[in-house]
Structure formats: C-alpha cells, structure tokens
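Following: one structure in structure tokens, then a few remarks.
The values are calculated or read from the model by the stated rules, or taken from the named source; none is laboratory data. Every value quoted in this text rests on a predicted model; they were computed, and no experiment measured them. Backbone-built Cβ (ideal geometry, glycine too); neighbour counts: all protein chains shown. Surface accessibility is based on the protein's heavy atoms, side chains included, excluding ligands, DNA and RNA. Shrake-Rupley method; radii C 1.70, N 1.55, O 1.52, S 1.80 Å.
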Amino acid sequence: MASKLSPIPKLVLRRLAIGALTLIVVSAVIFWAVELLPGSIATEILGQSATPETIAAFNAQFGLNDPPLWRYVAWLGNAVQGDFGQSLATRRPITDLIGDRAFNTFFLAAYAAVIAVPVSILLGLIAALDRGSLLDRWISSSTLAVISFPEFFVAYILILIFAVQLGWFPSLAGVTPTMGLAERLTVSFLPALTMVLIVTAHMMRMTRAAIVNLLALPYIEMAELKGMKRWRIIAIHALPNAVAPIVTVVALNLAYLIVGVVLVEVVFVYPGLGQLLVDSVAKRDMPVVQAACLIFAATYILLNLVADVIGILSNPRLLHPR
Amino acid sequence: MTKLLEIRDLWIEGRSGDDWHKIVKGVSLDLARGEVLGLIGESGAGKSTLGLTAMGHVRPGCRIAGGSIRFDGQELVGASAQTLRDLRGRRIAYVAQSSAAAFNPAWRLIRQHCEAPVCHGVMPRAQAEAEAVRLYGEMRLPDPDQIGFRFPHQVSGGQLQRAMTAMAMACKPDLIIFDEPTTALDVTTQIEVLAAIRDIVRNHGAAAIYITHDLAVVAQMADRVKVLLKGEEVEDAPVREMLANPREAYTRSLWAVREFQPAPRDPAPASPPLLKIDGVDASYGTHKVLENVSLTVPRGRTVAVVGESGSGKSTTARVVMGLLFPGAGKVTFDGAALPTTIGARSRRLLQRMQMIHQMADTALNPRHRIREVLGRPLEFYLGLKGREKEARIRELLTEIELPPDRFIDRLPGELSGGQKQRVCIARALAAEPELIICDEVTSALDQLVAEGILRLLDRIQRERGISYLFITHDLATVRAIADHVVVMQHGRVVEQGDKDRIFSPEHEPYTDLLLSSVPEMDPDWLSRVLDQRRAAAS
C-alpha cells in the first residue's frame, strides 16, 4: 500500500507551538505573581534602617522604577537568550548561580526516575497479571500507604532508619561539584529514595489500570485462545497499547521529581533549585525567583510535550494511516 | 468416524452480583473429525459460551459447574493451564465475531498470524510467514504477498475476517470455533467470506463448530445443526433434515421474520408526499458522502432505504433530522422547505419528525425511569402535566404492549433489548409525529424479537397513519415492511421504486448483487449463487 503522507509531523509541530505559547503565558503569570509578593528587595537588602534616598537609588540602579510591562518584555527578551540578569542579593549573574543548582536538581530527578519508572511499571504489570491476588493487593496498598505520608515525614523516617540507626548513608546530602559519581550517588541516595517512594504509587497504579482496562478487550481473549502465556499477553499484547496513558503519567511524575522536590531538598539540605527558590523568595531576590520558576515551568511543559508526542507515535492509526 | 470432541452434560454458570445463574444447562455434544456442526440460537442461548468451552475456555465471571469436555480423548474440565495453552491455537483455533476488535491494533497482521505457530514451536518464523502468504491467497485476499504487512485498521472488515480465518489455520488445527464470523459484515461481503471459509475448512479437513443466529447461513456451512434455547438443546439434526422437517416449533420460529407479511394496504393516496428530498449532497469535512440523493416519503407509508455500511443511508437520515448540513439540494416537509439545521427548526416542526435509533441501549438514559423517558416529550411537545401526563404514559405503554403497572417505574437496565426498543418507539410516539425515521431499529435484535417490533410498527402505522423512513441493511426486513424501496450505494441512489418492482427480476446490477447475496434456507444456495456468478462473469 502506498503510504500517504503521515499526519505526524503536523501534529508534532502543533504540539510544539502550543508548548511555546504556554511557556510565554506562564512566564507572564510568573512575572506578575512575583510582582505581587509583598515587601521590596531594597528594604530586604539595605535593612530596615535604610533611608528613602538609598532605597530610591537602589531601585534606580536595578531599573525597578520602570513600568512592569517594560521590565517584563526586557526580562523575557534576555531570558530567551539565556541571560536571566543579575541576582539582586549577591550581584552575581543568575546563570552562574542557577547552573550548578539546576544540574543538581536534574541529577537527583534522573537518579530517582531511573529507579522509579522501571520499578513502578514492572509492579503495575505484576499487579495487573494477578489481578485481585494477594500480591496485587499488597502492592497496591503498600504503595498507597507510602504516598499517603507527607514527603518530609517519609524523608525523616528514612533518615532515622538508614542514617541514624544503620548509618549506611549520610543524612545531609551536601553534594559538591568536585564529587565523583560514586560518592555523589551515595550521598544523594536518601533524597532519591524518598522521591522514588513518593512517585511510585501513582505510576504503578496508572500502569495497572491501563493494562487492566485492556484485558477485557477481544484481542486479549484472542491471544489467550491462541495459547499464549499470561505474561506474554500482558507485556507484548497489552503494554504497547497502553503506552499513551502510561507515558502521560510518567511525564507528570518526572516533572514532579524536578518541580515538587522543594521539601525534600530542604530536609536533606541538598543544594538544588528548590532550595535556591525558597532562599530567594525569603530574600525577595525576584530575578532569581523568576528564573527558577521559568525553568520549572519549561521542564513541565517540555515533559508533557514529550509525553504527547510519544502518545501520538504509539498510535498505529496515526503512524500508519490507511 | 472417530470422535474428536465429546461434551457430556455440561453445566456453565455465570455470576451476577453474588448469585450464580445457569447459562448452559446440561448440554451434550459430539463432533467427528472433519465434521462441521452449526450451533444456532438467539442471543443469550449460550451458544458462544458452549463454543468456547470446546477450547476449555470460560469467560471471566463464568465457571464450569459440571460435566465433561473431552477433546481427542483428553479431558479439558479441570485440565492445567499448561495443557490448555498447548491445545489452544495449535490444535483448536478460534475465529471471533468482530475481527476489528480481535486483532491487536498495534501489530501487523502477519506478526499476529505467526505468533501461534512460532510460540508453539510448530514451525520457524520464516516458514510461518511463507505459510501465511499461502493461506492469505487461499482465503482469496487481494495482494497476499503484501497484505500481511498492514495494520488491522488498514484493511476492510471483510478482508480482516478472512485474515483471521487464515490465522486460525496457521497451525493446521483439528478443530476451529467460528463465533458468528460474518454477523458484522454486509451481505455482499458475507457471501465471499462464507465461500472462503467453507472451502478452506473443507480443503484442510478440519472439524468446525459454526456459531450463528442465522439459520440460512448455517445451512450453507454445517453438516449438522444443534439448536439452543436458553442454555438447553432444542433439536439436533443433519442440516437438510432439519430444514426439510424441523421437529420443534421453536426451530420453525427462527425464520419467522422472513415470513412476516403485513396486511395489504390501499394503494398510495394521491395526496402530496410528506417528505421530499431533492438532489441532496453532503460531506463530512472534505469527504463527500451523499451525492444527488432524491427520494419521497408518502403519507402513511414506509420507505425503506437499503444499502451496505458506508452507502450513506444514515447520513441521509441525519440531513433530514437537521444534524448534518447539506451542501446542496432541498428537503421539503409537508410542502414547506425544512430549515437545514436543527437549531433553526421550531418546536412544532421538531415534534412532527421523530427518530428511533439502532442501539436502544445507548439511546435511553440509564438513570431515567420509563416514566421520565416517556414523560419528557409529553411535557416538552404537548405541555402535559400531572395526572394527564401519567395517564398518557400509561396509554403509550399499553400501545407498545408493555403492561404499565409493571414497567412504568423500571430503569432501562431492567428491560430486555426488545423491550428497550419498544420504549424508544413509545418515546417517538409520545410526540405524536407524522414521520418517524427508523435507523436500523431491528438490527441489534434477535429475529423473533425483531419480528415483534416490526409487527408493532406496522400496527401503529395502520392505526395512526404515520410515515416511516426505514433505514436498514437487512433485505428480509425490507421485504417484510416496506411499501417503497430506495437502494443506495456509495452515497448515491442506485434504484428506487415500489417493493414489488424492486424485488422482481430486471433491475440494476447492484440491486441484483444485493438481492442475490441474501442467504437462503436452501443448503445448496451458496454453491448455486457462486456458480451463477462465475458463469455470468465468464
């Protein structure tokens, strides 16, 4: 059959355009929200005793007197070129400030993801395979139990067990840029494990639900009636058709690993973006807050975009049109 | 002949809530090598359930409560999963009703074909693929070398059904279970699939269980027929014997719908037609689905629109109802042009035209009791309230032959398929319309139930003088109910005229093809038609 022009490039381009548009809208929202924060950087930096004159001079120096829209456009223009400006608190370029931190956060997220994604998909498949069995119920309830605790609580329990009592891993995950990979992995093991425990339940349950949905379909019965093994039916017949929902939930959780780890970073004193964000909000260091938020937003949008595209590519009707 | 399959006193139960009810009640069955047994009955007769147990398979929520199933001397009741897996696909194969759903949408056809032979270790992949191409050719699929490399959504329904039969043959099984393999197909496609299935089963000397609700189809395929009713055997006889001399009244009733003849009517009145469709075009997006369609519906008469799926018959109904904007042409109702969109039509106009859908199941809100279902149009169109409304609901229920006291407070889920369709008819009648569009209203129903619906529609027409635009693919239904027939193909009207004229010889080649493809009770019908077509082609 002469395959007609695939609609995929068009669909992917449209998703990309929507992603870019979302990012611009989000950047405006971030800018506006940061404007709304009470207090001013000038009083925060110069102290309560600052005179009106020094405050005015400070504001003028950093262009804080310009109209918000003008500052937004200027900020966005520089941001797309990779220049987030200067930290008001430390006077260092934000790019330098964020670089290491962002790397640390992405490293931790990747660390957790490499463990969590395969484990939860596998657990989901096992649970779906023996639906209603003791094993299925055990997997479901134990992952649910873990997710029901606040993440800082999970973190402290892990510290109590693995750092304080067993002493296998340090309780403070103070990674440094000069650290070797092995040491880095050891030092950041506990925060990574905390995050694995937090995201596994969601991904596992979604995998299980997606597969169980498919198991009632005639082609699964057909595979059974062809004498195929149960495990093969789940992994080879059902899983490829469940890619889209699974990838969507995986992407959401990966995004959460990057964006939602503030508490975990704080508990383990891990030098990541989340910590930086919390510190900067406290110091009213607006350009840093904006930059960090923008990175978070971009991550979220990008991951969801990738999930969308994989979902499209996993649909044979779109990949192989009539 | 040696016995291949021996089922003795088999009981199967299905669970509903906490209760187990019996689906198959002590049925026995024998099948010799190379023999084809037809299993026939209405939905709920337990024929699919029985057919699947021949593979040792029961659907989730069901269980074997007693009896024995011996395949080639081996007991399948209580056999290990490993034993059953080893038989399935290799020695017993299954052909499902909906091939579109039974093929994995993510796999190419040939990969699915080769799965059983390769996994069972019958032959290596390369040989299995070569064999697949040969079987595709044997099933008369176009382009057998290439068709296996398509995905299921890339081939038509009839081709897919043939590909599935080819897949069932992949390991050269001793027994094949055909579960209504042609029920979802159009008649013109069905005849080719039937011929291909019959030949391949014969050529390979396989035994088969052929499950269907259509006696005329089973007459072509089977050596012997077993009739089931509510899980029990009614009759078991060689096919010719059963057709010539059915022992049980129930067996005879199975072809009731083919015998239904409405009371003769006066010739069509001279009054102007109620509905007139004139030169209508319509498209979905850029895809043109109707081209220059014209037809008229006289008052108090039934016009049947007949054609295969995709011929544009339902689209015509959508245009009339104002659900689809026609690109060209005019629709006139009672002498006045109809606004093209439903939003532009007055309530009075909406009231005069009602519609009944194919799936009564999805056309009724599952949370509305029958009182609400019928009360709504009475309130909306006629402004009836309180006691008046209640009285009218009861009248309507009486009219559709459902005792009001028993049915008025039921939910749709507490009704059978035929009863649901009756409620849909009552809902249409509640508006006191002049025209009812019936879109395949009997297609989802068993023949006996369908016949009841047709009788009801016929009676209502005689009493109320309502016109029907009756959309169907089933020519037996057309023969039973229509005054006037419109034959459609590829979005065009091929031929139209009075029923007697359409059903008499001498018409358009397509009408011919359609009419000659309707299976007849005669067991030699399939061979005869194929011979005639071959002769005509050469």
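At least 3 residues being closer than 30 Å to B:S156 by Cα is the threshold, and among the strands (runs of 3 or more DSSP E) wholly inside segment B:286-353 those reaching it are B:287-297, B:302-306. Return a yes/no flag: does segment B:24-46 have any residue that is in contact (Cβ under 8 Å) with a residue 40 or more places away in the chain and within 14 Å of chain A (Cβ to nearest Cβ). The answer is no; no qualifying residue exists. In this structure, B:R352 does not qualify as charged (D, E, K, R), more than 23 Å from B:D278 (Cα to Cα) and in the same structural domain as B:K389 (by TED's automatic domain parsing).
Among helices (runs of 4 or more DSSP H) entirely within segment A:220-299, having at least 1 residues that are on the phi < 0 side of the Ramachandran plot and within 14 Å of another protein chain (Cβ to nearest Cβ) singles out A:243-259. None of B:D174, B:D143 is open to solvent by 10 Å² or more (accessible area, probe 1.4 Å) and on the phi < 0 side of the Ramachandran plot except B:D174. Candidates B:D522, B:D531, B:D500: the one that is surrounded by fewer than 16 Cβ atoms within 10 Å (Cβ to Cβ) and in contact with a helix residue (DSSP H, G or I) (Cβ under 8 Å, 6 or more places away or on another chain) is B:D522.
Sub-6 Å Cβ pairs linking a first residue in segment B:172-189 that is over 30 Å from B:F71 (Cα atoms) to a second residue that is open to solvent by less than 10 Å² (accessible area, probe 1.4 Å), at least 6 apart or interchain, are B:L185/B:G158; B:V187/B:S517; B:T188/B:S517; B:T189/B:G158, ordered by first then second residue. If the condition is being open to solvent by 10 Å² or more (accessible area, probe 1.4 Å) and under 23 Å from B:Q97 (Cβ atoms), then segment B:58-75 contributes B:V58, B:R59, B:P60, B:G61, B:C62, B:R63, B:I64. In segment B:143-258, counting only helices (runs of 4 or more DSSP H) that sit wholly within it, the ones holding 2 or more residues that are under 26 Å from B:G89 (Cβ atoms) span B:144-147, B:157-168, B:187-204, B:215-221.
Can you spot a residue in segment B:383-392 that is in contact with a helix residue (DSSP H, G or I) (Cβ under 9 Å, 6 or more places away or on another chain) and in contact (Cβ under 8 Å) with a residue 60 or more places away in the chain? Checked segment B:383-392: no residue is in contact with a helix residue (DSSP H, G or I) (Cβ under 9 Å, 6 or more places away or on another chain) and in contact (Cβ under 8 Å) with a residue 60 or more places away in the chain. Just so you know, in segment B:118-171 the residues that are in contact (Cβ under 8 Å) with a residue 12 or more places away in the chain and among the acidic types (D, E) include one that is farthest from the other protein chains (Cβ to nearest Cβ), and it is B:E138. Residues of segment B:433-445 that are of a type in the set (D, E, K, R) and outside any loop (DSSP other than H, G, I, E, B): B:D439 alone. Checked against the criterion of being part of a helix (DSSP H, G or I), farther than 24 Å from A:I121 by Cβ and over 26 Å from the mean Cα position of the chain (by Cα), segment A:209-217 contains not a single residue that satisfies it.
The single condition among (1) assigned to a helix (DSSP H, G or I); (2) modelled with pLDDT under 75; (3) open to solvent by less than 80 Å² (accessible area, probe 1.4 Å) that A:E44 does not meet is (3). So for segment A:172-187 (the condition being among the basic types (K, R), more than 14 Å from every other protein chain (Cβ to nearest Cβ) and either open to solvent by less than 60 Å² (accessible area, probe 1.4 Å) or not in a helix (DSSP H, G or I) (or both)), does at least one residue qualify? Among the residues of segment A:172-187, at least one is among the basic types (K, R), more than 14 Å from every other protein chain (Cβ to nearest Cβ) and either open to solvent by less than 60 Å² (accessible area, probe 1.4 Å) or not in a helix (DSSP H, G or I) (or both), which makes the answer yes. Of everything in segment A:87-108 that is charged (D, E, K, R) and assigned to a helix (DSSP H, G or I), the residue that is nearest to A:E265 (Cα to Cα) is A:R101. Can you pull out the residues in segment B:208-228 that are surrounded by fewer than 21 Cβ atoms within 10 Å (Cβ to Cβ) and at pLDDT 90 or above? Listed by number, the residues that qualify are B:D223, B:R224.
Residues in segment B:328-341 that are surrounded by 14 or more Cβ atoms within 10 Å (Cβ to Cβ) and within 28 Å of B:Q489 (Cβ to Cβ): B:G329, B:K330, B:V331, B:T332, B:F333, B:L338, B:T340. Residue check, B:Y510 against (1) of a type in the set (F, W, Y); (2) more than 30 Å from B:F380 (Cβ to Cβ); (3) in contact with a helix residue (DSSP H, G or I) (Cβ under 7 Å, 6 or more places away or on another chain), all met but one. Which one? Exception for B:Y510: condition (3). For segment B:31-48, a residue qualifies if it is in contact with a Leu (Cβ under 7 Å, 6 or more places away or on another chain), more than 27 Å from B:L445 (Cβ to Cβ) and open to solvent by less than 50 Å² (accessible area, probe 1.4 Å), and the qualifying residues are B:L31, B:A32. Taking the criterion of being within 14 Å of chain B (Cβ to nearest Cβ) and crowded, with 18+ Cβ neighbours inside 10 Å, would at least one residue in segment A:303-311 satisfy it? Yes - at least one qualifying residue is present in segment A:303-311. Give me the residue from segment A:98-141 that is over 25 Å from A:A173 (Cβ atoms) and among the small types (G, A, S) and, out of that set, most open to solvent (accessible area, probe 1.4 Å). Step by step, filter segment A:98-141, then rank; the result is A:S141.
Of everything in segment A:138-176 that is under 14 Å from A:V267 (Cα atoms) and of a type in the set (S, T, Y), the residue that is modelled with the lowest pLDDT is A:S171. On the stretch given as segment B:88-116, residues that are more than 7 Å from chain A (Cβ to nearest Cβ), within 23 Å of the chain's Cα centre (by Cα) and open to solvent by less than 10 Å² (accessible area, probe 1.4 Å) total 2.
Pairing each residue of segment A:307-322 that is over 18 Å from B:Q154 (Cβ atoms) with any residue that is open to solvent by less than 30 Å² (accessible area, probe 1.4 Å) and of a type in the set (G, A, S), provided the two are 6+ apart or on different chains, yields C-beta distances under 8 Å for A:A307/A:A251.
Taking the conditions (1) closer than 25 Å to A:P150 by Cα; (2) open to solvent by 30 Å² or more (accessible area, probe 1.4 Å); (3) of a type outside the set (G, A, S) in turn, A:L257 satisfies each one other than (2).
Residues checked against (1) at pLDDT 85 or above; (2) touching a His at 6+ places or on another chain (Cβ under 9 Å); (3) open to solvent by 20 Å² or more (accessible area, probe 1.4 Å); (4) assigned by TED's automatic domain parsing to the domain that holds B:P433:
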{"position": "B:E233", "(1), (2), (3), (4)": "yes, no, yes, no"}
{"position": "B:E259", "(1), (2), (3), (4)": "no, no, yes, no"}
{"position": "B:P267", "(1), (2), (3), (4)": "no, no, yes, no"}
{"position": "B:D281", "(1), (2), (3), (4)": "yes, no, yes, yes"}
{"position": "B:S294", "(1), (2), (3), (4)": "yes, no, yes, yes"}
{"position": "B:P298", "(1), (2), (3), (4)": "yes, yes, yes, yes"}
{"position": "B:A304", "(1), (2), (3), (4)": "yes, yes, no, yes"}
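Taken together, the criteria exclude B:G51 from residues that are within 13 Å of chain A (Cβ to nearest Cβ) and either touching a Lys or Arg at 6+ places or on another chain (Cβ under 7 Å) or open to solvent by 40 Å² or more (accessible area, probe 1.4 Å) (or both).
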